[in-house]
1. Kindly evaluate Glu15 against the criterion of being outside any helix (DSSP H, G or I), modelled with pLDDT of 80 or more and not β-branched (Val, Ile, Thr).
2. From the list Glu44, Glu75, pick out the single residue that is among the charged types (D, E, K, R), loosely packed, with under 11 Cβ neighbours inside 10 Å and part of a loop (DSSP other than H, G, I, E, B).
Amino acid sequence: MAGTKKSVTKANVPEIKTLEQLHNDLEALRNDQLESRKSHIQGELVNPRVLTVQRKNIARTLTAINSANRSAVKEEK
C-alpha cells in the first residue's frame, strides 16, 4: 500500500536511561546470561538461542554506556 503512514508507537521510541540505570541493566543482563550458561552446560536450557540474544543485549547496553560516557566528556569540555 503506497502512501500509508506508519504510526509512531512506544516500541519505536528508544527509552532514555541514566548511566546508573544502564549499569543496573548491564548487571542484570550479565546475571541472566550466567544463569543461562549454567543451565546450558547442565543440559537444562530448552532454547540455546537465548545465549546469543543475551550476548547481543549486553553488547547493546555496553554501547549505550560508552556513548553516554563520551557525550558526558564532550559536555565537560
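The values are calculated or read from the model by the stated rules, or taken from the named source; none is laboratory data. Remember, predicted model here, so these are calculated numbers, not experimental data. Every residue, glycine as well, gets a Cβ built from its backbone with ideal geometry; the counts of neighbours run over all protein chains shown.
1. No: the conditions fail for Glu15.
2. On inspection, the qualifying residue turns out to be Glu44.
One line per residue, one yes/no per condition, for (1) in contact with a strand residue (DSSP E or B) (Cβ under 7 Å, 6 or more places away or on another chain); (2) of a type in the set (Asp, Glu); (3) under 18 Å from Lys17 (Cβ atoms):
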site: Asp32; (1), (2), (3): no, yes, yes
site: Glu35; (1), (2), (3): no, yes, no
site: Val50; (1), (2), (3): no, no, no
site: Ile58; (1), (2), (3): no, no, yes
site: Ala72; (1), (2), (3): no, no, yes
site: Glu76; (1), (2), (3): no, yes, no
